[in-house]
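Participant: Provided herewith is a single structure, encoded as structure tokens, for subsequent inquiry.
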Amino acid sequence: MKHVYCFLFALFFIATGATAQQGYTPSPENLKNRREFQDMKFGVFIHWGIYSMMADGEWIMNNKNIHYKEYAKLAEGFYPSKFDAAKWVSDVKAAGAKYICITSRHHDGFSMFGTRQSSYNIVDATPFKRDVIKELANECHKQGIKLHFYYSLLDWSRPDYYPLGRTGRNVGRAEHGNWDTYHQFMLNQLTELLTNYGEIGAIWFDGQWDQDQNPDFDWRLQEIYAHIHRLQPGCLVINNHHLAPIEGEDAQTFEKDLPGQNTTGFSADAQIGQLPLETCETMNNSWGYNITDLKYKSEKELIHYLVKTAGNNANLLLNVGPRPNGEFPDIAVQRYLAMGEWLKKYGETIYGTRGGFIAPRDWGVTTQRDNKLYVHILNLKDDALYLPMEGKKVRSAKVFIDQKPLKFTEVPGGVVVKFDRIPDDVDYVVELEIK
Ligand code: GLC
């Protein structure tokens, strides 16, 4: 009898183990990818879909209450004649970014890749007929850029999507869906994304926050996460759910805020966990292409944000919304290039670093690699700066860019570094060698 129980027990564990990711232990390649993810520091987010034709962001269907069947007709006119994956990837490289995260399917439900799970996709439903994600994947692999897929859990078009949240209320969506078929649809699409496009660095989920009308809904995420790790154990699972990370996730993302901050209201419940961190941000104020939004952040603001994310031990995922013709907006290209030029000179103080042991301050942040501490001075009115050293001793202090030695004095608790002028560079970087 005892044996029968043991057998049943074993069976139970095998059965649940096959569907859930309880007790998730990341694979060695997953852990390696997490470190590489942290080393990359800078990625380009791409929000692109048939919504780009309406030139008013990726939420237009929801915001203008467009019936999903009418919206779907946009696909028949989608012909991005200037799309050139090689140009995108070289723009990304010129920015100094190391990875791309692209919307494979956004809340509108339109798949930007050649999927067999629904004909509502770029290959079957548009005159363009090209799998742009495939072309991008090939180019990324060729040019050594990591590829991440954004994937929406939320869908404003599929009748089986469930639960209804606060969005997509007036687009003709069915009141009740069928989570089983929708969940299976997502698993099948993820299989395609993780088998037809080579090595994928991460799947980046979004839309779960829409559950606020139905907080107890079981999204069966563990099955989804386990499925991803079964297909590509090294692939990072990231979920923009605005909460602390849960089991099966490999990195934590913050929307439009540095980790620990909540200026946007999205991150009230997003306690910082133990995983690698990322912050995603827009260059203007839109994710998807918006023809009237020319409020681009300045070069200086963008460089400062990149430096601050690094100082907060996070990556920056900086967005571009390509035009309907398939090109990045000119201003975006120009801003990326400016960041790339800066990174050519200062990349050593960013790539491969971690947040420094001196926590972010009003004057700036610190990054660190081995025994080097990079002090990024972004905003200082004095020609000297006190640095708390937590018992560590400074061997030397230099201006990073020309390696000119700087005077420093030991004072109780730390050192005071003296400059020959008030630092007014975009980022005045002091390199401290720690004993
Ligand atoms: C939000 C928005 C979405 C965008 C995402 C990027 O979740 O719904 O449109 O893709 O943020 O962080």
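Participant: Got a sec to turn the phi values of region 86-92 into Karplus ³J(HN,Hα) couplings, 6.51 cos²θ - 1.76 cosθ + 1.60 with θ = phi - 60°, whole Hz, x for Gly and Pro?
Facilitator: Calculated HN-Hα couplings, in order: 5, 5, 4, 5, 6, 4, 5 Hz.
Participant: Across region 296-306, in residue order, what do the Karplus-derived ³J(HN,Hα) couplings come to in whole Hz, using 6.51 cos²θ - 1.76 cosθ + 1.60 with θ = phi - 60° and x for Gly and Pro?
Facilitator: 6, 5, 6, 4, 4, 4, 5, 4, 4, 5, 4
Participant: If you don't mind, there's one more thing I want to ask. Taking a ≥ b ≥ c as the square roots of the eigenvalues of the Cα gyration tensor of region 243-399, is the shape rounded (a/c under 1.5), prolate (a/b larger than b/c) or oblate?
Facilitator: In terms of gyration-tensor shape, oblate.
Participant: Sticking with this structure for a sec: In terms of the Cα gyration tensor, with a ≥ b ≥ c the square roots of its eigenvalues, is region 2-353 rounded because a/c is under 1.5, prolate because a/b exceeds b/c, or oblate?
Facilitator: Since a/c reaches 1.5 but b/c is at least a/b, the shape of region 2-353 is classed as oblate.
Participant: Out of Leu187, Gly144, Gln213, whose Cα points farthest toward the positive end of the dipole of the chain (charges: +1 Lys, Arg; -1 Asp, Glu; placed on Cβ)?
Facilitator: Gly144
Participant: If you don't mind, there's one more thing I want to ask. For the chain, give the magnitude of the charge dipole about the Cα centre (Cβ charges: +1 Lys/Arg, -1 Asp/Glu; no others), in debye to the nearest 20.
Facilitator: 920 debye
Participant: Output the antiparallel fraction of DSSP beta bridges having both residues in the chain, as a percent to the nearest 5.
Facilitator: Counting DSSP beta bridges with both partners in the chain, the antiparallel share is about 50 percent.
Participant: Putting +1 on Lys and Arg Cβ atoms and -1 on Asp and Glu Cβ atoms, find which of Val333, Val365, Ser396 reaches farthest to the positive end of the dipole of region 323-413.
Facilitator: Working it through, the farthest residue towards the positive pole turns out to be Ser396.
Participant: With an 8 Å Cα cut-off and a minimum separation of 6 or more residues, compute the relative contact order for the chain in percent.
Facilitator: Contact order relative to length: 17 percent.
Participant: Tell me, what is the FRET efficiency for Glu410 and Glu301 to the nearest 0.05, using R0 = 25 angstrom and their Cβ-Cβ distance as r?
Facilitator: 0.10
Participant: Rounded, prolate or oblate: which fits region 194-259, taking a ≥ b ≥ c as square roots of the Cα gyration tensor eigenvalues, rounded meaning a/c under 1.5, else prolate when a/b beats b/c?
Facilitator: Oblate is the answer for region 194-259, as a/c is 1.5 or above yet b/c matches or exceeds a/b.
Participant: Further, regarding this structure: Taking H placed 1.01 Å from N in the peptide plane, check which residues at least 5 places from Thr279 or on another chain put their amide H under 5 Å from its amide H.
Facilitator: Phe254, Asn315, Leu316, Leu317
Participant: Right, something else. Between Glu70 and Asp383, what is the spin-label point distance in nm, taking each point 7 Å from the Cα along the Cα→C-beta axis?
Facilitator: 6.6 nm
Participant: How high is the relative contact order of region 364-434, given as a whole-number percent (alpha carbon pairs under 8 Å, six or more residues apart)?
Facilitator: Averaging sequence separation for qualifying contacts and normalising by length gives 44 percent for region 364-434.
Participant: Using modelled amide H (1.01 Å from N, peptide plane; none on Pro or chain starts), what sits under 5 Å from the amide H of Val394, excluding residues fewer than 5 places away?
Facilitator: Counting only residues 5 or more places away or on other chains, the set is Lys435.
Participant: With a cut-off of 8 Å between alpha carbons and a minimum separation of six or more residues, what is the relative contact order of region 173-242 in percent?
Facilitator: It comes to 45 percent, rounded to a whole number.
Participant: On a 0 to 90° scale, report how tilted helix 330-346 is relative to the longest principal axis of the chain, with both axes built from alpha carbons and the result rounded to the nearest 10.
Facilitator: 40 degrees
Participant: Grab the beta carbon distance between Leu187 and Ala268, set R0 = 35 Å, and tell me the FRET efficiency rounded to 0.05.
Facilitator: After rounding, the FRET efficiency stands at 0.70.
Participant: Another one. I'd like the Karplus ³J(HN,Hα) series for region 263-279: coefficients 6.51, -1.76, 1.60, θ = phi - 60°, whole numbers in Hz, and an x wherever there's a Gly or Pro.
Facilitator: 7, 9, x, 7, 9, 3, 9, 8, 4, 6, x, 9, 8, x, 10, 9, 10
Participant: How far is helix 179-195 tilted off the main Cα axis of the chain, in degrees rounded to 10, range 0 to 90?
Facilitator: Here the helix axis deviates by roughly 60 degrees.
Participant: Using amide H atoms built in the peptide plane, which far-off residues or other-chain residues are under 5 Å from Val320 H to H?
Facilitator: Here the answer is Phe45, Ile46, His47, since their amide H atoms fall under 5 Å of that of Val320.
Participant: What value, in deg cm²/dmol to 500, does the helix sum -39500 (n - 2.57) over DSSP H runs of n ≥ 4 give at 222 nm once divided by the residues of the chain?
Facilitator: Helix-only estimate at 222 nm: -8500 deg cm²/dmol.
Participant: Follow-up question, since we're still on this one. Please enumerate, by chain and number, the lysines with C-alpha under 29 Å from the C-alpha of Lys134, excluding those fewer than 8 residues away in the same chain.
Facilitator: Output for Lys134: Lys32, Lys41, Lys69, Lys73, Lys82, Lys87, Lys93, Lys98, Lys142, Lys146, Lys256.
Participant: Estimate the FRET efficiency between Arg421 and Arg395 by the formula 1/(1 + (r/R0)^6), using the beta-carbon distance for r and 30 Å for R0, to the nearest 0.05.
Facilitator: Using R0 = 30 Å, I get an efficiency of 0.80.
Participant: Something else about it: Which residue, Trp88, Tyr428, His67, has the largest displacement toward the positive end of the dipole of the chain when charges sit on each Cβ (Lys, Arg +1; Asp, Glu -1)?
Facilitator: Farthest towards the positive pole: Tyr428.
A short reminder: the numbers here are calculations on the coordinates, not readings from a lab. Keep in mind it's a predicted model, so treat the numbers as computed, not measured. All Cβ positions, glycine included, derive from the backbone under ideal geometry; neighbour counts span all protein chains shown.
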